[in-house]
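Please read the structure below before turning to the comments.
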Amino acid sequence: MQFRFYLVFLLFSFFAQSSNSQDIISTGNIFYTDTIKASNFRLNFGDTLFLSPGVPALIQACNSIQIDGTVLGRGLGFQNSGPSSDGNGPGGGFWSSSSGASGGGYGGVGGAGGYDNGDPIQLGGTTYGTTIGMDIDMGSGGGNASNATGGNGGGSITIIAPSVFINGEIRMDGGEAFQPGGGQGGGGGSGGGIKIIGMNVTSTGVLSARGGDGSIGTSTANDDGGGGGGGRVKIFYEINFSNLGSIDVSPGLGGINGTSAGPTDGEIGTVHMSVSTMEMLPECVVAPIPDLGFWAIMILILSMSIIAIVHGSLGKSRQSSF
């Protein structure tokens with residue numbers, strides 16, 4: 001009996017190690033803290049997956065990912081520090097004590113802040129990353145005015161699975177700048193990044209990485225902030241990509257105040273779609289089933305072990321009878 005139990009345990013352990021991760025199906029809102037790995041992942045309609053501030057998100061599945069709810073990363077990219085400072089991130093916007101702060105950049109350049117005669121001109125945050133490469137990043141923050149924090153950058157998410165279905169919304173928009181209690185306006189945060197990798201990708205929903213709007217100064221002499229640049233959306237597929245939904249990388253808006261020049265809108269972000277071979281994730285590779293030769297050897301060993309156990313038991317029985 002003990003031997004048979006041990007045999008069953010070995011077989012169970014073998015097949016357990018060969019199996020993939022479990023299915024994950026949402027039953028309410030999810031707060032992202034770490035990489036999500038599953039055989040199949042589904043975010044149900046009405047449920048929201050909230051990204052963590054400043055943390056790029058990754059969802060990967062061995063079979064399929066289906067987004068029917070909302071993945072929310074608005075303003076959850078590079079986080080700003082506070083008033084009177086440049087925006088955080090590689091494309092952070094700029095600030096000045098006498099002119100409007102500029103918007104953050106990522107896929108598109110951020111908008112310039114408004115200014116009066118003699119004021120320094122705060123040009124928008126620059127672009128970074130590539131348009132067609134496999135990289136993806138978070139959006140950068142807009143410049144922070146003296147009394148108005150700029151918008152945070154949009155979040156970043158990567159989705160990897162053989163089959164991907166987007167029926168809901170993925171929003172990695174840049175945050176809007178806060179309205180000042182007095183003084184100049186802050187710059188809008190740039191849109192973040194969305195990257196999808198799959199064999200078959202179907203979208204009937206919304207993919208959005210918009211730039212955030214700049215805030216409005218308190219008077220014509222207190223200039224407005226510039227808009228954030230749009231983010232980046234990248235889709236790599238091996239067999240088929242079908243898009244019946246919308247993709248939005250539009251820029252954020254600047255205000256109107258600035259006697260010499262008003263603030264400007266950010267620039268539009270980038271969208272890229274291309275055929276690319278998908279490599280199977282290491283977590284999804286099932287260990288091969290041993291061939292018949294292996295099992296023949298295993299049966300022989302087990303048979304010999306059983307004979308030895310039975311023979312030993314009989315030997316003890318005979319000795320005890322005398």
Per-residue Cβ neighbour rank within 10 angstrom, fewest leading, PHE50, PHE45: PHE45, PHE50
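Subtract the Cα-Cα distance of LEU281 and ASN117 from 0.36 nm times their separation in residues, and report this length gain in nm to one decimal. Spell out each step's value before the answer.
On the way: separation 164, 0.36 × 164 = 59.04 nm, distance 5.77 nm.
Value of the extension gain: 53.3 nm.
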In order through segment 90-107: 3J(HN,Hα) via Karplus (6.51 cos²θ - 1.76 cosθ + 1.60), integer Hz, x for Gly, Pro: x, x, x, x, 10, 10, 8, 6, 10, 9, x, 6, 9, x, x, x, 7, x
Integer Hz, Karplus 6.51/-1.76/1.60 couplings in order for segment 166-178, x for Gly and Pro: 10, 9, x, 9, 10, 10, 10, 6, x, x, 7, 5, 6
Rg/Rg_globular for segment 45-139, with Rg_globular taken as 2.2 N^0.38 Å and Rg from C-alpha atoms: 1.38
Distance cut-off 28 Å, percentage of C-alpha pairs in segment 22-286 lying past it: 34
Size of segment 109-253 as Cα extents on the principal axes (Å, biggest first): 57, 26, 18
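The numbers here are math on the coordinates, done by the rules we state, and not lab data. Note that the coordinates shown come from a computational prediction; the quantities given were computed from them, not determined experimentally. Positions of Cβ are generated from backbone atoms using ideal geometry, with glycine treated the same way; all protein chains shown enter the neighbour counts.
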